[in-house]
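Have a look at the structure below before the remarks.
The values are calculated or read from the model by the stated rules, or taken from the named source; none is laboratory data. Bear in mind that the values here come from a model prediction, so they are computed numbers and not experimental data. All Cβ positions, even for glycine, are placed from backbone atoms using ideal geometry, and neighbour counts span all protein chains on display. What goes into the accessible areas is simple: the full protein's heavy atoms, side chains included, and nothing from ligands, DNA or RNA. Shrake-Rupley method; radii C 1.70, N 1.55, O 1.52, S 1.80 Å.
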Amino acid sequence: MASYNKFNNNCYRDAILIAFINCATSIFAGFVVFSIIGFMAKQAGLEIPDVIQGGPGLVFIAYPEAVTQMPVPQLWSILFFSMIITLGLDSMFTLTETITTAIMDQFPMLRNHKGKVAICSGLTGFFLGLTMCTKGGIFMFELIDWYAAAWSLLICGITEVIITVYVYGHRNIFVNIQEMEINLPKAMKYYFLTTWKVLTPLSLIFILLLKFVDYIPAYSTNTQEKYVFPDAVQCLGWAMSLVPVVFLIVGAPLEYYKRKSEGKSTDMLSLLSPSDEWGPSFVKNGVKKPAGQPELVELL
């Protein structure tokens, strides 16, 4: 995570590398997935849509069956399930760190108790996950998978982009990057400016609209016939999707009343401006860089 990097870590290089590695991994995984599905379809004499549908059955039924038909199946089985375990652990490490970091940033007094925060977060996730270990756990899993990473994350992403680029300002972002001793080529500055201010917000809004236009109720494929969840369960899924949005809706008035109770200015400009304490604070050549907004410079 970025919070573990040094202040002058080359995040520009990391962003480019991660983008290319992510795309290359997806392309490689596509060759692996569809070659195995094609192999199974040929072996069974069926069309590809009739072999397997998406979901947990793809990992725990289709792939293990394909692995047993490969040369040295024991070796491929070990490699396959080792990959699944490491992928799950890696995902959980990232999720846990994201949650604990957010909690400790919101409540700085807990930073000296990181272990306890991590244990409490893990136990909370464990108890919530027990619902997926029951007889109908697969249905709960599919409901969460259907609604958890849905339109609510797109709304959070759109809000983050707008606040970062239009409220905090792209010039401040470029100044912060320059403070990290990263020199961006002028062409890349225009590229980032175009993507941040135009392409990314419009793309996310377009995908969000498609989510609502193409919405279909959640259903399960783990039965002989497609099972559409009842209305009460659909409402539970929508409630899960609303949780991140509720934090956005409730957080704004809470911050307003907090500033008002502390006697701080509550006009729109003050609410949308960084605090006096905002800014990098690190030791360089024995001198502590003062916190606060850096002087804006013309970077474009």
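Taken residue by residue, segment 210-227 has at least one member that is touching a Ser or Thr at 6+ places or on another chain (Cβ under 9 Å), open to solvent by 40 Å² or more (accessible area, probe 1.4 Å) and more than 19 Å from CYS11 (Cα to Cα). Scanning segment 18-51 for residues being open to solvent by 90 Å² or more (accessible area, probe 1.4 Å) and over 20 Å from GLN69 (Cβ atoms) gives a total of 7. Taking THR101, is it in contact with a His (Cβ under 9 Å, 6 or more places away or on another chain) and over 26 Å from GLY237 (Cβ atoms)? No. Just checking, how many residues over segment 136-193 are polar (S, T, N, Q), closer than 26 Å to LYS6 by Cα, touching a residue at least 40 places away in the same chain (Cβ under 8 Å) and open to solvent by 30 Å² or more (accessible area, probe 1.4 Å)? Selection size over segment 136-193: 2. Among residues of segment 79-99 that are in a helix (DSSP H, G or I), those with a beta-carbon under 6 Å from a residue that is open to solvent by 90 Å² or more (accessible area, probe 1.4 Å) and among the hydrophobic types (A, V, I, L, M, F, W, C) at least six positions away or on a different chain give the pairs GLU97/MET1. So, in segment 230-262, of the ones that are open to solvent by 60 Å² or more (accessible area, probe 1.4 Å) and β-branched (Val, Ile, Thr), which residue ends up nearest to SER152 (Cα to Cα)? It comes out as VAL243.
Of ILE216, ILE205, all but one fail to be at pLDDT 85 or above and part of a helix (DSSP H, G or I); the exception is ILE205. Between LEU210, LEU199, LEU269, LEU254, the distinction of being modelled with pLDDT under 85 and either more than 28 Å from the chain's Cα centre (by Cα) or in a helix (DSSP H, G or I) (or both) belongs to LEU269 only.
No other residue among PRO294, PRO244 is modelled with pLDDT under 80, closer than 30 Å to LEU193 by Cα and not hydroxyl-bearing (Ser, Thr, Tyr) apart from PRO294.
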